[in-house]
Amino acid sequence: MELSNLRSETEIAKQGSEFSSNLSQDHELPGVAPDRDFLDVALGDLPLLYRTPSRWARRVMEDPESLLNDHAHLEKKAAANALELLCRWPHGETPDYWVRALTSMAAEESDHLRLVTRFMMRHGYQLSRHHKNPYAGRLHVLVRRGAGRAELADRLYVAALIEARSCERFIQLYSIGQELNSNLKPVEQEIGRLYGSLLESEVGHYRAFLRLARELRPDDHELEWKDWLSRESQIVQEIPFYSGILSGTSDL
Ligand SMILES: [Fe+2]
Ligand SMILES: [Fe+2]
């Protein structure tokens, strides 16, 4: 069956156009803070097999400059990755929904980068030249290179996992900023609000990548995604902690 004929094409196209219409204008924080219901639904929707311990959020908040610098680089890489995926369609004409979804994601991630770097500059934080991401590095090693559609599906699974794990961490960072008596400094509360404001968009990205992967390989999707979830849960527990969104918990 041609992918372009699949019924869900219109759903993805719709999601793509929603990405575009959700793009924030030139203000400091996009969207509105999520309410409790949205957080519960978003967290319940994440299929991650390992849940980050709640102490993780307080630990990363101890070094806000490193946390935001890491986050800025992740947004930059997310934007670049969406553009890179744009022309990886295996053969034939690239479907409109694919182009729409990925260009919208690239635009949103670039906008997130703008917001995070503005936040950093306001607080006198520096953007580093270099950035390491051991979590993504370990996932990318497992991509089946040279395997056509399977490789592309793997790249989408990796992108979906990065988005899903980021969402889980954003929820933690937003939630501790909301807790009464959390004893957070004003900048930390502001960071919590920043993550709350980005959450809805990132949940949309996670869902979109997963849906694109499902459309690409409908017969293999269920088993492959299960495998990826299991690998991800192992990797995040094996890599060390640092003040960053996708840090590991081996020594937390
Ligand atoms: Fe983002
Ligand atoms: Fe994203």
Exercise. (1) surrounded by 18 or more Cβ atoms within 10 Å (Cβ to Cβ); (2) modelled with pLDDT under 95: which one isn't true of PHE170, the others all being true?
Worked result: (2)
Seminar exercise, completed: Note on HIS91: of the conditions (1) surrounded by fewer than 15 Cβ atoms within 10 Å (Cβ to Cβ); (2) more than 16 Å from ligand 2 (Cβ to nearest atom); (3) within 27 Å of ILE235 (Cα to Cα), unmet is (3)
Problem set entry | All positions within the range 160-175 that are among the β-branched types (Val, Ile, Thr) and more than 14 Å from ligand 1 (Cβ to nearest atom) | ILE171
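Output the residue which, of all residues in the range 108-128 that are of a type outside the set (D, E, K, R) and away from ligand 1 (no atom under 16 Å from the Cβ), is surrounded by the most Cβ atoms within 10 Å (Cβ to Cβ).
So the residue we want is TYR125.
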Seminar exercise, completed: From the option list SER54, SER104, SER110, single residue qualifying as of a type in the set (Gly, Ala, Ser), on the phi < 0 side of the Ramachandran plot, in contact with a helix residue (DSSP H, G or I) (Cβ under 9 Å, 6 or more places away or on another chain) and away from ligand 2 (no atom under 13 Å from the Cβ) is SER54
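The values are calculated or read from the model by the stated rules, or taken from the named source; none is laboratory data. Since the structure is predicted, the reported quantities are computational estimates derived from the model, not experimental observations. Every residue, glycine as well, gets a Cβ built from its backbone with ideal geometry; the counts of neighbours run over all protein chains shown.
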